[in-house]
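One structure is given here, and the rest of the page talks about it.
Nothing in this text is a laboratory measurement; each read-out follows from the coordinates by a stated rule. Predicted, not measured: the structure shown is a model, and the values here were computed from it. Here the Cβ positions follow ideal geometry from the backbone for every residue, glycine too, while neighbour counts run over all protein chains shown.
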Amino acid sequence: MSNGSAALQDIKTLKNVKTLRKDAWWVEPLLTFAVLFSFVVYATFRAFEDNYYYVAPYLSPFYSPCLVDTCAHVSWRIFGKMWLITPAMLILWIPGGFRMTCYYYRKAYYRSWWLSPPACAVRDGHTTYTGETRFPLLIQNIHRYFFYFATVILLFLWWDAFEAIHFPDGYGVGVGTLVLTLNATLLSLYSLSCHSCRHLCGGHLDSFSKNPGQYGVWKTLTKLNERHMLFAWVSLIWVALSDLYVRLLATGMIHDIRIF
Ligand code: FES
């Protein structure tokens, strides 16, 4: 076969196959899909359950801040009795929207859910590609606003971690205190490593030399930003485990261990 016809054959092959990759490229999108899907199912179940989210002094992060008068533990009384809407539904759209529009998660679910494309050098699952240039994906640009809202939620979670030392019989530390404190810490690392946070804290500057203070902050956040994917996964899994821990305590299936 001449060089020309061999090249033609190669092009025809490329048109007919999904990918020429021989490695297990599908493992990562499959795992991503499995973890995200499990999280969404669990979080949805908990949002509707409207129970077992508080056992003194621990408040589940899925129900914090609790803004309804009828909450098992009111963080801030804003709403009276509500029908059909649980206290979790009032606030979960904020961390949910923050993660949905996150630059890292976009890559994760574009690949694993929408197969667009499923992996590098693998054919797109769709015939057309419009990117984020028009509705509905254009809406991803509101990520920075979710960052602002999520920061407020984070302050409440730190308050909950602080409150988690205030037991009915006095001050102390239990396993739940550590669970909620680690949860607030991991979520803080996730937020501080956010691209929008990095932009806000120094990335928008035209001249670093004129703003050495902000440059220092930007450099620190850049180091965190390099680990954003790690913080995204660890904080996601831990927030679900924190809620599960409170739920298991509230249902009486396990008992908290008081460290001191
Ligand atoms: S880029 Fe991931 S939270 Fe902002």
Anything in region 99-142 that is farther than 30 Å from V17 by Cβ and surrounded by 19 or more Cβ atoms within 10 Å (Cβ to Cβ)? List them, or say none.
R99, T101, C102
Residue match in region 183-196 (condition: more than 15 Å from the ligand (Cβ to nearest atom) and crowded, with 17+ Cβ neighbours inside 10 Å)
yes
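Take region 165-177 and flag every residue that is outside any loop (DSSP other than H, G, I, E, B) and either closer than 25 Å to I94 by Cβ or acidic (D, E) (or both).
Those that are outside any loop (DSSP other than H, G, I, E, B) and either closer than 25 Å to I94 by Cβ or acidic (D, E) (or both): G176, T177.
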Does region 201-208 include one or more residues that are aromatic (F, W, Y), in contact with a helix residue (DSSP H, G or I) (Cβ under 8 Å, 6 or more places away or on another chain) and more than 16 Å from the ligand (Cβ to nearest atom)?
yes
